[in-house]
Structure formats: C-alpha cells, structure tokens
1. Look at the range 33-43 and say how many of its residues are touching a residue at least 24 places away in the same chain (Cβ under 8 Å) and exposed (fewer than 13 other Cβ atoms within 10 Å of the Cβ).
2. Do you know which residues across the range 8-20 are more than 15 Å from the chain's Cα centre (by Cα) and open to solvent by less than 70 Å² (accessible area, probe 1.4 Å)?
3. Show me the strands (runs of 3 or more DSSP E) entirely contained within the range 46-115 in which 1 or more residues are open to solvent by 40 Å² or more (accessible area, probe 1.4 Å) and among the β-branched types (Val, Ile, Thr).
Amino acid sequence: LWMYKNGSLVLSTPVVTGNVAKETPTPPGNYHVYFMQRDRVLSDEDWDGSIYETPVAYWMAFNRGIGLHDAPWRYSFGGTIYKSNGSHGCINMPPRLAAAAYDMIYIGFPVYVHY
C-alpha cells in the first residue's frame, strides 16, 4: 500500500488483500473512503457459512463492506499471503500503520486498487 497526500508519499506498508484461493479477492477499481470508524466489530459470513465477528481499531470503508483496517492477528504482511491466507476482501494493515493512515485519511479520500 502506498499512500500519497499532495503528490508526496506519506505512508508505505506491505498489506494482505483478499484471499484468491477462496474467491474473495479485493476488487480492483477506483473508489473513495465513504465511512470511517474507530473500534468497530466487522462481521459477515465466513467461508464455511458461519458468521465471524472481528474487532478492529481502525476501519476505513471504500467499497460496500470492504475497507482498510488493522489486523493485529497477523504476524506478517505482503508477499503472496493473499493467495491462500488472505482476507475476505478487505485490505489488512499492520496496526501501527493503520493508525497512521486513519489519522491522515478523510471521507472522500481516493483509493485505487490494482494488481
């Protein structure tokens, strides 16, 4: 993830995107942040049909139920993790950097997802 403000790189971090093997990739496209919330519980249907509930400290939604958020349960980010151990479509970030991004992002902030 690369975050720019006024043409300057202000944050860069490896992330984990949607799980390709389980067919929940992060959809490519041009979006904007439309909702932000601290201390939110994300919930949806899991791959096995059960409902999961995951608390996050920083939630920045940009495509329906898909957004950027901290992932304190992950110990590594980047590389090919998304291929078999990716998210349900969200962009998982290291907690410290999700906090930094949350402080700089605002409603309407552009998000470009590409591979």
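The values are calculated or read from the model by the stated rules, or taken from the named source; none is laboratory data. Nothing here was measured: the structure is a model prediction, and the numbers come from that model. Cβ: placed from backbone, ideal geometry, glycine included. Neighbour counts: every protein chain shown. We work out accessible area using only protein heavy atoms, side chains counted, and drop any ligands, DNA or RNA first. Shrake-Rupley method; radii C 1.70, N 1.55, O 1.52, S 1.80 Å.
1. Going through the range 33-43 one residue at a time, the tally reaches 2.
2. Result: 8, 10.
3. In the range 46-115, the matching strands (runs of 3 or more DSSP E) lie at 51-63.
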